[in-house]
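Notes for the one structure printed next.
The values are calculated or read from the model by the stated rules, or taken from the named source; none is laboratory data. If you're wondering where the values come from, they're calculated on a predicted model, not measured in any experiment. So basically every Cβ, Gly included, is an ideal-geometry build from the backbone, and we count neighbours across all protein chains shown.
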Amino acid sequence: MPESGEVLEVIFQFIVPPVNYEKFLQPSMTNVEAKLFFEVADAAKKYDIYALKNICKTVIELQRQFTCPAEVLNFCYKYGYNEPINETAERALKCGTSTFSVTSKLESQELQQQWTRYHGLWCAAANGALDRFQRNMPYCMVWNRLYIVFSNQLKTNPVQFEKILVSEDDLKTKCRLPVCSCKELPDKYPAWFEDIVKMLKEFKSNTKFSPFIGR
């Protein structure tokens with residue numbers, strides 16, 4: 001077996017119970033260091049260790065896609081896990097910044113190409129939704145401040161975008177300030193925000209990462 005001693009120590013605990021098995025608990029995979037975790041997950045698939053395979057897949061879906069998305073993309077691509085790979089790709093989106101932080105860790109050239117393509121589609125969708133309203137209200141100082149906040153959030157953490165919605169009452173208060181004289185933002189803002197949310201939902205529904213794999 002070519003696996004390291006650390007990997008073997010973990011997987012054997014899912015194969016051969018100790019003598020005093022009544023009090024034995026298999027190790028938790030949630031606190032395992034990332035490199036070791038994916039080596040163990042790989043060994044579980046290789047040797048078809050059923051219980052460990054399912055545990056690793058669950059940990060990937062609930063935890064690892066948030067902390068090490070590139071490693072999850074590699075693992076899911078290797079073994080054909082479509083659902084986790086789609087969710088992880090969504091969370092790894094970083095529109096407006098370099099894709100190198102993800103791309104440099106992807107092990108397959110095909111996966112690198114597909115990630116670059118997927119990221120490009122996202123940037124086009126996000127920037128299109130942002131630019132349409134940026135051009136329409138260049139004179140509103142309140143809007144310009146909000147636009148910066150929304151733009152940064154949409155580009156760096158799109159899955160949490162809806163949580164930054166400004167209430168209508170708060171918006172009207174901002175627009176009564178001396179710094180703003182356009183008086184149009186309370187009417188235009190809800191429509192713009194709904195447009196962004198609609199774009200996010202349509203992108204998530206119509207643009208999956210996994211269908212690109214293998215084309």
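Here is a list: Ala124, Ala129. Which entry is within 24 Å of Asp195 (Cβ to Cβ), assigned by TED's automatic domain parsing to the domain that holds Lys198, modelled with pLDDT of 80 or more and more than 15 Å from the chain's Cα centre (by Cα)? It would help to see each step written out before you state the result.
Numbers: Ala129 fails: modelled with pLDDT of 80 or more.
Of the residues listed, the single one that is within 24 Å of Asp195 (Cβ to Cβ), assigned by TED's automatic domain parsing to the domain that holds Lys198, modelled with pLDDT of 80 or more and more than 15 Å from the chain's Cα centre (by Cα) is Ala124.
The set of residues from the stretch 92-121 being modelled with pLDDT under 80 and surrounded by 13 or more Cβ atoms within 10 Å (Cβ to Cβ) comprises Leu93, Lys94, Cys95, Gly96, Thr99.
On the given criteria, is Val10 touching a Pro at 6+ places or on another chain (Cβ under 7 Å), at pLDDT 90 or above, outside any loop (DSSP other than H, G, I, E, B) and surrounded by 12 or more Cβ atoms within 10 Å (Cβ to Cβ)? Please lay out each step first, then the result.
Details: touching a Pro at 6+ places or on another chain (Cβ under 7 Å): yes; at pLDDT 90 or above: yes; outside any loop (DSSP other than H, G, I, E, B): yes; surrounded by 12 or more Cβ atoms within 10 Å (Cβ to Cβ): yes.
Yes.
Of the helices (runs of 4 or more DSSP H) contained entirely in the stretch 37-116, those carrying at least 1 residues that are touching a residue at least 12 places away in the same chain (Cβ under 8 Å) and under 22 Å from Phe203 (Cβ atoms) fall at 69-79, 82-91, 100-103.
Give the residues of the stretch 47-58 that are surrounded by 13 or more Cβ atoms within 10 Å (Cβ to Cβ) and over 18 Å from Pro84 (Cβ atoms), sorted by residue number. Within the stretch 47-58, Tyr47, Ile49 meet the criteria.
Consider the stretch 13-31 and keep the residues that are surrounded by 10 or more Cβ atoms within 10 Å (Cβ to Cβ) and among the aliphatic types (A, V, I, L, M). The one that is nearest to Ala44 (Cα to Cα) is Ile15.
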